[in-house]
Amino acid sequence: MLDLEPYSARLGGKTGIYPYKIKVDRYLSDLRGYFLEEQIVEEMLSRNENPLIYTVYEISREFEGEFNVGCTIIYPGKIGDEYYFTKGHYHAKEQTSEVYVGLSGEGIILMQNREGRTFAEEIKPKTVVYIPPGFAHRSINTGKTRLVFLAIYPSNSGHDYETIMRTGFTKIVVERDGKPTLIDNPKYRKKL
């Protein structure tokens, strides 16, 4: 018999969820090779400009059948015309799904399946976004304040970041005429 214990956490505040067990900061240097304008990234890093792009606070669980609960905070900003985003990933256990709940800010959840079929769903306060099994997902802050959302997913789902690092997403979100716009990603590479 597993020795599981219930818990509760508060939403809001600086970390979006408290208490949490794990904190992961992702800086621009951690997203080298992800943004379309790689030259801008390299120029910024050469000037010792390494902004914090996003942070994840998580309550992780150990056993199959449990859920991890996390809060992601993506800071506002752009590299060129491309909005700040998370690395994006598939789940290592592809039959697992995920649910996001918008807490503050505004953004887009970009999703694509292995064939490159893409969906983009808006996320903002009181919005729920469902990510089906088999879909890579990336979160993008399209606003002028922090984008904060809750994520709930099976504890055994795992993260496959490597596939997205190699191929990219088929689409990216850039600012055009002051608005977020979904365009084809010229760096997208089909399966390698």
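Laboratory data are not the source of any read-out in this text; all were calculated from the coordinates shown. The structure presented is a predicted model; accordingly, all values stated were derived computationally and were not measured. When we count neighbours, we look across all protein chains shown, and the Cβ atoms used for this are built from the backbone with ideal geometry, even at glycine.
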Margin query: If LEU45 meets every condition in (1) assigned to a loop (DSSP other than H, G, I, E, B); (2) free of Cβ contacts under 8 Å to residues at least 60 places away in the same chain; (3) among the hydrophobic types (A, V, I, L, M, F, W, C) apart from one, which number is that one?
Written below: (1)
Item checked: Restricting segment 161-189 to residues that are in contact with a Lys or Arg (Cβ under 7 Å, 6 or more places away or on another chain) and touching a residue at least 40 places away in the same chain (Cβ under 8 Å), the residue that is farthest from LEU36 (Cα to Cα) -> TYR161
Item checked: Condition broken by GLU37, with the remaining ones in (1) surrounded by 12 or more Cβ atoms within 10 Å (Cβ to Cβ); (2) under 16 Å from the mean Cα position of the chain (by Cα); (3) among the charged types (D, E, K, R) satisfied -> (2)
Next item on the list: List every residue pair whose Cβ atoms lie under 7 Å apart, where the two residues are 6 or more positions apart in sequence or sit on different chains, the first residue falls within segment 112-126 and is closer than 13 Å to PHE149 by Cα, and the second residue, located anywhere, is among the acidic types (Asp, Glu).
Entry: LYS124/GLU106
Next item on the list: Considering each of PHE85, PHE63 in turn, give the residue that is of a type outside the set (Val, Ile, Thr), under 13 Å from the mean Cα position of the chain (by Cα) and either within 20 Å of TYR27 (Cα to Cα) or surrounded by fewer than 18 Cβ atoms within 10 Å (Cβ to Cβ) (or both).
Entry: PHE85
Check: Name the residues in segment 38-71 that are in contact with a Leu (Cβ under 8 Å, 6 or more places away or on another chain) and of a type in the set (S, T, N, Q), would you?
Finding: ASN50
Margin query: Here's a check for you: in segment 78-111, which residue that is touching a residue at least 60 places away in the same chain (Cβ under 8 Å) and among the charged types (D, E, K, R) is nearest to TYR34 (Cα to Cα)?
Written below: LYS87
Notebook entry, point to check: Can you tell which of VAL69, VAL99 is crowded, with 16+ Cβ neighbours inside 10 Å, assigned to a strand (DSSP E or B) and of a type outside the set (S, T, N, Q)?
Noted result: VAL69
